[in-house]
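Here the structure comes first, spelled out in structure tokens, and everything after it is commentary.
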Amino acid sequence: MGFHNLARLVADDPMITRVIGRASTVLAVAEPARAMALAGLAEASERRPIVVAVPTTTEADRLAADLRTYLGPDEVLTFPAWETLPFERISPSIEAMGNRLRVLWHIQDPERCPKVIVAPVRALIQQLGPHVDEVDPIIVGAEDQIDSDRLVRDLAAFGYRREAQVEHRGEMAVRGSIVDVFPSTAEGPYRIDLWGDEVDRLCEFTITDQRSTVDRAEIEIFPCRELLITDDIRDRADRLQSTEPWGKEQWQRLADGELFDGMESWLPWLTDEPRVLTDLL
């Protein structure tokens with residue numbers, strides 16, 4: 001019997017079926033069986049997604065890994081928290097911001113919405129950037145027709161830094177007809193080899209020797225900034241120069257469309273409607 005079948009058996013347990021549909025209830029489960037019980041609940045419930053709140057990021061990662069054993073890798077996503085403190089003038093990690101945007105994209109469509117989202121409490125109370133629910137990833141498939149210049153512009157707008165060669169997450173490099181990029185949500189970098197406007201080869205490559213390795217059929221590239229410089233953000237930043245002159249230097253940088261470290265800390269002044277994850281559910 002596979003682990004997925006085990007989750008379906010647990011879904012028929014009277015203790016699980018009893019809590020389905022209730023507005024509020026308590027189900028006491030020993031910690032070693034917590035993932036199994038949540039998997040059974042996800043199988044029994046028609047709700048999608050089920051948001052599981054845990055105290056810390058470490059617990060979120062551990063529980064998500066256990067849940068994937070029962071539900072499958074595509075049915076469980078982790079919504080990470082920013083590692084930075086409020087108003088701290090440094091940016092959260094690129095990986096955290098990319099994975100948050102990935103979750104927000106998945107919940108917009110029932111076809112790709114996961115069964116379970118696991119999040120530390122801190123992530124559930126952190127404000128989202130404006131328009132984050134409208135952001136679609138750049139999807140590149142083998143043999144696709146793409147405009148390389150537009151691809152580079154789109155990556156720059158997503159916050160990717162152009163370097164001589166890709167070595168870190170959030171970087172891109174262009175060498176002739178080859179575009180290398182290390183997406184915010186990927187474990188390693190990808191190489192897009194073009195023949196004219198056609199993707200001739202799409203593959204992973206190693207950072208140490210820059211050699212191509214495993215071919216890919218398709219890749220998803222999410223932004224590496226949760227605060228994207230849209231026209232609305234630029235207009236608002238421009239107005240803030242007169243209404244909030246104490247931050248004029250930063251407002252000017254945002255109005256000019258500049259991406260800089262710590263820009264996310266200015267988010268509270270750039271939106272009138274603070275939203276968190278549960279607002280989008």
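The values are calculated or read from the model by the stated rules, or taken from the named source; none is laboratory data. Everything numeric in this text was worked out from a predicted model, so none of it was measured. For the accessible areas, the whole protein counts, side chains as well, though only heavy atoms, and no ligand, DNA or RNA atoms are used. Shrake-Rupley method; radii C 1.70, N 1.55, O 1.52, S 1.80 Å.
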message: How many angstrom lie between the Cα centre of segment 229-281 and the Cα centre of segment 45-62?
response: 30 Å
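Calculate, in nm to one decimal, what Glu204 and Ala142 gain on full extension: separation in residues at 0.36 nm each, minus their alpha carbon distance. Provide the component values of the computation, followed by the final result.
Values: separation 62, 0.36 × 62 = 22.32 nm, distance 1.25 nm.
Between Glu204 and Ala142, full extension yields an extra 21.1 nm.
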query: Taking a temperature of 25 °C and a viscosity of 0.890 mPa s, what whole-number D in µm²/s does Stokes-Einstein yield for segment 122-170 with Rh from Kirkwood over alpha carbon pairs?
result: 180 µm²/s
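Counting only protein heavy atoms and a 1.4 Å probe, tell me what percentage of the chain's accessible area is made up of carbon and sulfur.
Numbers: 7110 of 14870 Å².
Ligands and nucleic acids excluded, carbon and sulfur give 48 percent.
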query: Regarding segment 216-259, what is the average projected area of its C-alpha convex hull, in nm²?
result: 3.8 nm²
query: What accessible area per residue comes out for the chain, rounded to a whole number of Å², with a 1.4 Å probe?
result: 53 Å²
message: Just to check, using Stokes-Einstein with a Kirkwood Rh over alpha carbon pairs, what's the diffusion coefficient of segment 162-219 at 10 °C and 1.306 mPa s in µm²/s?
response: 141 µm²/s
message: No solvent, one uniform scatterer per C-alpha: report log10 I(q)/I(0) for segment 91-151 via the Debye equation at q = 0.19 1/Å, two decimals.
response: -0.89
statement: Checked segment 71-174 with the C-alpha gyration tensor, a ≥ b ≥ c its square-rooted eigenvalues, rounded below a/c of 1.5, otherwise prolate if a/b is larger than b/c and oblate if not; verdict oblate
message: I need the fraction of alpha carbon pairs in the chain separated by more than 30 Å, rounded to a whole percent.
response: 41 percent
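Can you pull the Rg over Rh of segment 228-281, Cα-only, Kirkwood? Write out the running numbers ahead of the final one.
Numbers: Rg = 11.7 Å, Rh = 11.7 Å.
Ratio value, two decimals: 1.00.
Can you give the Rg to Rh ratio for segment 18-78, taking only C-alpha atoms and Rh from Kirkwood?
On the way: Rg = 11.5 Å, Rh = 12.3 Å.
Rg divided by Rh gives 0.93.
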